[in-house]
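Undergrad: Please read through the structure below; I'll follow up with questions.
The values are calculated or read from the model by the stated rules, or taken from the named source; none is laboratory data. Note that the structure is a prediction, hence the values are computed from the model and not measured. Glycine also receives a Cβ, built like all others from the backbone with ideal geometry; neighbour counts cover every protein chain displayed.
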C-alpha cells in the first residue's frame, strides 16, 4: 500500500494543476472579453461624439439657410439673388463633407447643390420662389438628426420627391443646348 499515497498525491496534483490551468485560461478569456467590451464601448462613445460634433456643425447651418430663405425669400421674386446665399450654402456643403455615412453625405451634397441654385431653378409659374427649398432643408434636417441618433434615414416626403424631380428636370433643361 505504499504506492497508494504517492499515486493519490500525483492524481491530486494533476487535478489541481488542471483546474488551475483551466481557471487561468478562463480568467484570461474573461479579461480579454472585458477589454473587447471596453474597446467597443469606447468606439461607440467616440462614434457618438463624432456624430454629435458633425450634427452640431451642420444643424445650425441648415437652420440659418431656412431662416434666411424664409426671411427674404419673397424679396427675390424679381430675380435678384441674395449675395449671402452662396456662402451660406457653401458653409453647409463643407460641413456635410465630414459626414462618414456615404448615403447621407451624397444626399446632403445633391440637395445642397439644388438649394444653391434656388434662384434660377425653383421658381413657380409666376416667377416667385417656390416652397420647395424649405421642404428640402427640412428633409435634410430630419435626415441629419436621424443619423445623429443612429436611426435609419427617414423616407422622403412626397414634397421632397417633387423637389428632387424639379431639380432633375431643371438640370436636364439646362445641361442640353
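Undergrad: How about the range 99-163: which helices (runs of 4 or more DSSP H) wholly inside it have at least 1 residues that are in contact with a strand residue (DSSP E or B) (Cβ under 9 Å, 6 or more places away or on another chain), modelled with pLDDT under 85 and within 19 Å of residue 71 (Cα to Cα)?
TA: In the range 99-163, 118-121 are the helices (runs of 4 or more DSSP H) which contain 1 or more residues that are in contact with a strand residue (DSSP E or B) (Cβ under 9 Å, 6 or more places away or on another chain), modelled with pLDDT under 85 and within 19 Å of residue 71 (Cα to Cα).
Undergrad: So, one more: Which ones in the range 164-177 are part of a helix (DSSP H, G or I) and surrounded by fewer than 13 Cβ atoms within 10 Å (Cβ to Cβ)?
TA: Within the range 164-177, 165, 168, 169, 172, 173, 174, 175 qualify.
Undergrad: Of 68, 40, 28, which residue is within 28 Å of residue 133 (Cα to Cα) and assigned to a helix (DSSP H, G or I)?
TA: 68
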